[in-house]
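*Asks:* One structure follows; several queries about it will come next.
FYI, it's all coordinate maths here, none of it is from the lab. All of these numbers come straight from a predicted model, not from anything done at the bench. Quick reminder, even Gly has a Cβ in these numbers, built from the backbone with ideal geometry, and neighbours come from all protein chains shown.
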Amino acid sequence: MKKNILITGSNGQIGKELTESFKEKNNASNIICLDLIKGKQNHFKFYKCNILDYEKLNSIFKKEKINEVYHLAAYLSAKAENNMNLAWKVNMDGLQNILELSVKYNIKKVFWPSSIAVFGEDATKTKTKQNEKTNPNSIYGITKVLGERLCEFFFKNYKLDIRSVRFPGLIGHKSMPGGGTTDYAVDIFYSAVKKEKFSCFLKENTLLPMMHMDDSIRAIHEIMNCESKQIKIRTSYNISGCSFNPKNIFDEIKKYINEFKITYKPDFRQNLAESWPNSIDDTEAKKDWNWKSNYKISEIVKSMLENIK
Ligand code: NAD
Ligand code: SER
């Protein structure tokens, strides 16, 4: 029987690629997209809906007989700092609406992404462990920590099968990022192929955990497709790709585009980046559901330049 899958935030950086990834799986499911803005995924049914509109969401769950949910609608770190009230509502009330409706309609499985932003300045920076302190400075990080606790609460109290990973900065060529601190690592490629000087909003030595979008989409499918009993962590799993700073990625791009130039003009996002880990320990994800990333920095750069060109 075909599954009826709801993807919220379907027009975002992850949403666009996730919906397409279901198409590549030979339309094994009915995909229902939901966002404030319609994307170009014309082959999928789309609902223009605010995640805060409980009644409209309720009617979609009912009408479409939804049985699996990927809840991606959110405000990312930089956008959240600039609009704290709305970020709080969308990230917290939006998640609560989805969790409540998932219980009401007996949804089989829910995916919700957390972030490396759950860690704050007091966390060990290198190979940050799963159970490291989560005392974030940013409003975004706070909504992610509380979101993780809310997911675990719904699992423990309502047996809702919700699964989650803490994504690092994501880099892909099929969609643009939506207002995060790691956006520079996508934007830089568009300047490089146009041979424009790139103005980087982070300092050259700001080391952050990153991941190719192919790895992140695969992580979503892998965690959603494993047996429920394999999922031992119901807050959110650390997952790791690779780590680099703006200078590292610039140097790697220069190997292909020798004339490429960069300047560094750090802004408010520098503080967010400095409060996050340099690298992530993902031992638990490896152990529980065999997680393994495929892309190193050299492969990310090669893939981005080949595809953007
Ligand atoms: P994005 O900003 O690219 O997309 C978010 C989408 O949500 C947008 O299309 C936006 O229109 C939609 N949206 C915002 N408010 C809405 C509302 N009120 N109602 C309905 N839709 C609304 O974000 P993304 O990068 O695709 O991130 C998706 C999820 O993954 C988020 O929870 C984010 O925190 C998490 N995440 C992303 C990254 C990353 O690097 N992209 C890293 C860690 C975690
Ligand atoms: N890439 C995300 C951001 O910068 C991390 O969650 O907001």
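*Asks:* How would you classify the stretch 26-66 from its alpha-carbon gyration tensor, with a ≥ b ≥ c the square roots of the eigenvalues: rounded for a/c under 1.5, else prolate if a/b is greater than b/c, otherwise oblate?
*Replies:* Values: a/c = 3.31, a/b = 1.31, b/c = 2.52.
The shape class here is oblate.
*Asks:* Pairs of alpha-carbon atoms within less than 8 angstrom and 6+ residues apart define the contacts here; what relative contact order does the stretch 1-110 have, in percent?
*Replies:* Values: 173 pairs, mean separation 31.8, N = 110.
In percent, rounded to a whole number, it is 29.
*Asks:* Say each of His43 and Glu299 gets a label point 7 Å from the Cα, pointing the same way as Cα to Cβ; how far apart are those two points in nm?
*Replies:* 2.6
*Asks:* Something else about it: Between Lys265, Lys247, Lys38, which gets the highest mean-square fluctuation from a Gaussian network model of the chain, Cα cutoff 10 Å?
*Replies:* Lys265
*Asks:* Given Cβ point charges of +1 (Lys, Arg) and -1 (Asp, Glu) and nothing else, what value in debye, to the nearest 20, does the dipole of the stretch 63-136 about its Cα centre take? Intermediate values should be presented prior to the final figure.
*Replies:* Working: 11 positive and 8 negative charges, 58 e Å.
With Lys and Arg at +1 and Asp and Glu at -1, about 280 debye.
*Asks:* Now for a separate question. Once Lys and Arg get +1 and Asp and Glu get -1 on their Cβ, which of Gly12, Phe189, Leu272 lies farthest toward the positive end of the dipole of the chain?
*Replies:* Gly12
*Asks:* Compute the signed sum of charges (Lys and Arg +1, Asp and Glu -1) over the other residues within less than 12 Å, Cβ to Cβ, of Phe201. Present the calculation step by step, with values, prior to reporting the outcome.
*Replies:* Numbers: positive: Lys203, Lys265, Arg269; negative: Asp183, Asp187, Glu204, Asp267.
Counting the neighbours of Phe201, the net charge comes to -1.
*Asks:* If you don't mind, another one. Would you mind getting me the FRET efficiency between Asn307 and Lys261? Use the beta-carbon distance for r and R0 = 22 Å, nearest 0.05.
*Replies:* On the way: r = 22 Å, r/R0 = 1.01.
Efficiency, rounded to the nearest 0.05: 0.50.
*Asks:* A follow-up question, please. If contacts are Cα pairs under 8 angstrom and at least 6 residues apart, what is the relative contact order of the chain in percent? Walk me through the numbers before you get to the answer.
*Replies:* Numbers: 616 pairs, mean separation 57.8, N = 309.
Answer for the chain is 19 percent.
*Asks:* Considering amide H positions built from the backbone, and no H for Pro or chain starts, which residues 5 or more places from Lys109, or on another chain, come under 5 Å of its amide H?
*Replies:* HN-HN under 5 Å from Lys109: Val69.
*Asks:* With a 10 Å radius around each residue's Cβ, average the other Cβ atoms per peptide and rank 206-213, 192-199, highest first.
*Replies:* Ranked by mean Cβ neighbours within 10 Å, highest first: 206-213, 192-199.
*Asks:* So if R0 is 22 Å, what FRET efficiency would Cys226 and Val103 give, r being the distance between their Cβ atoms, rounded to the nearest 0.05?
*Replies:* Working: r = 22 Å, r/R0 = 0.99.
With R0 = 22 Å, the Cβ-Cβ based efficiency is 0.50.
*Asks:* Once phi is turned into θ = phi - 60°, what whole-Hz ³J(HN,Hα) does the Karplus curve with 6.51, -1.76 and 1.60 give for every residue of the stretch 104-118, x standing for Gly and Pro?
*Replies:* 4, 9, 6, 5, 6, 9, 10, 10, 9, x, 9, 8, 4, 5, 5
*Asks:* Decide, for the stretch 179-283, between rounded, prolate and oblate: order the square roots of the alpha carbon gyration tensor eigenvalues as a ≥ b ≥ c, take rounded if a/c falls under 1.5, and otherwise choose prolate if a/b is larger than b/c, else oblate. It would help to have the intermediate numbers written out before the result.
*Replies:* Details: a/c = 2.86, a/b = 1.91, b/c = 1.50.
It is prolate, given that a/c is not under 1.5 and a/b is the larger ratio.
*Asks:* Please build a GNM for the chain, connecting alpha carbons under 10 Å apart, and tell me which residue among Asn42, Asn97, Asn106 fluctuates the most.
*Replies:* Asn42
*Asks:* Let me spell out the model: positive unit charges on the Cβ of Lys and Arg, negative unit charges on the Cβ of Asp and Glu, origin at the Cα centre of the chain. What dipole size does that give, in debye rounded to 20?
*Replies:* On the way: 49 positive and 36 negative charges, 148 e Å.
Around 700 debye, computed over the chain.
*Asks:* Taking R0 as 35 Å, what FRET efficiency do you get between Asn271 and Lys174 from their Cβ-Cβ distance, rounded to the nearest 0.05? Please report the intermediate quantities before stating the final value.
*Replies:* On the way: r = 30 Å, r/R0 = 0.86.
FRET efficiency, Asn271 to Lys174: 0.70.
*Asks:* OK, next. Tell me which residues come under 5 Å, amide H to amide H, from Lys3 once H is placed; ignore anything under 5 positions away on its chain.
*Replies:* Answer set, sorted by chain and number: Asn30.
*Asks:* When Rg is the radius of gyration of the Cα atoms in the stretch 1-141 and Rh is its Kirkwood radius, what does Rg/Rh come to?
*Replies:* Expressed as Rg/Rh, it is 1.01.
*Asks:* Right, next: Mind checking the dipole of the stretch 15-94: about its Cα centre, +1 per Lys or Arg Cβ, -1 per Asp or Glu Cβ, Debye to the nearest 20? Walk me through the numbers before you get to the answer.
*Replies:* Numbers: 13 positive and 10 negative charges, 64 e Å.
That gives a dipole near 300 debye.
*Asks:* Shifting gears a bit: State which entries of Lys45/Lys104; Lys197/Lys302; Lys40/Lys79; Lys174/Lys261; Lys89/Lys125; Lys2/Lys62 exceed 28 angstrom in Cα-Cα distance in the structure shown.
*Replies:* Details: Lys45/Lys104 23 Å; Lys197/Lys302 19 Å; Lys40/Lys79 23 Å; Lys174/Lys261 24 Å; Lys89/Lys125 30 Å; Lys2/Lys62 16 Å.
Beyond 28 Å: Lys89/Lys125.
*Asks:* Right, another one. Please build a GNM for the chain, connecting alpha carbons under 10 Å apart, and tell me which residue among Thr263, Thr19, Thr283 fluctuates the most.
*Replies:* Among Thr263, Thr19, Thr283, the largest mean-square fluctuation in the Gaussian network model of the chain belongs to Thr263.
*Asks:* Report the label-to-label distance for Lys286 and Lys194 in nanometres (one decimal), using points 7 Å from each Cα along the Cα→Cβ vector.
*Replies:* So the label points at Lys286 and Lys194 sit 4.0 nm apart.
*Asks:* Here's something else I'd like to know. Can you give me the Kirkwood hydrodynamic radius for the chain, using every pair of distinct Cα atoms, in Å to one decimal?
*Replies:* Details: mean 1/r = 0.0508 Å⁻¹.
Taking the inverse mean of 1/r over all distinct Cα pairs, the chain comes out at 19.7 Å.
*Asks:* What distance in nm lies between label points placed 7 Å from Cα along the C-beta direction at Asn278 and Ser29?
*Replies:* It works out to 3.8 nm between the two label points.
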